[in-house]
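First up is the structure itself, then whatever we jot down about it.
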Amino acid sequence: MKSCISTYSFERLYQDGGFTRFDAIDKTKEYGCQGVELVLNDETPDGSTPMEYAKALCAHAKEQGLEVPIYTTGANFFVKEPEKELERLCRHIDIAAECKIPLLRHDVAWGYYEGYTGIKSYKKVIEAVAPFVRQAAEYARERGLKTCSENHGYLLQDSARMLELFAAVDHPNYGFLCDMGNFTVVDEDCATAVSALSDY
C-alpha cells in the first residue's frame, strides 16, 4: 500500500495566497507520502490554463519523487443542461490523459437544482445522471484512464444508493472511490457499507 495526500487537504491554506498547491506537494513529500492527488477545477490561481497548471503541478510532483495517481474535479449532472457539464468534465479528462494520470474522480450530483419541479427522489436523480456518467466513463476509456465517484454529497452517499448508481451507469470503466468515514454521516455502519461496495 502507498500513502497519498490530496491537495484539497490544504484548502484552507490557499485562501490568503501565501500557500500554493506547489507548497502542498512539497508538504506531501515532507510527510513521507508516495503520491499526491490533484484536485483542480476550471479556474487557476495564476491565470494559466487548467492544462498548463496541471502539467506544472505534475512536473513539480515528479521532481519531488511523487506519483500522481488520481485527478479530481467537481461535477454535477443534475442540472438543466447536463450536456454542457459533460463537455466540461471531458476537458478535465483530457487534462488527466495528457498528464498520464490513470484515474479521474468526479462528483455526480449535489442536490435538486433551482427550478426543479419533478418528483424529489434520489431514484429520479440517478435516472437523470447515469447516462452522462456512463458517457464520461466511456470517453475516459478511449483516453486511457478510468473514472470513479466517491460516496459523498448526502443525496448519493449511503451504500444502497451508490449501488443503484453503479447499476444504472453499468460501465466497466467506472468505479468507486471509498471514503469509509462518509458513511457515518448518513448513519450507516462503515464495515457493512464498505463490504457492500467492495466489488466496485
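The values are calculated or read from the model by the stated rules, or taken from the named source; none is laboratory data. Please read these numbers as outputs of a predicted model, since none were measured by experiment. Glycine gets a Cβ as well: all are built from the backbone with ideal geometry, and neighbour counts include every protein chain shown.
Considering (1) surrounded by 18 or more Cβ atoms within 10 Å (Cβ to Cβ); (2) part of a helix (DSSP H, G or I), the lone condition that Arg141 does not fulfil carries the number (1). Considering every residue within the range 170-193, establish whether at least one is at pLDDT below 95, surrounded by 14 or more Cβ atoms within 10 Å (Cβ to Cβ) and within 21 Å of Val79 (Cβ to Cβ). Checked the range 170-193: no residue is at pLDDT below 95, surrounded by 14 or more Cβ atoms within 10 Å (Cβ to Cβ) and within 21 Å of Val79 (Cβ to Cβ). Asn41 - would you say it is within 29 Å of Leu156 (Cβ to Cβ) and surrounded by 15 or more Cβ atoms within 10 Å (Cβ to Cβ)? No.
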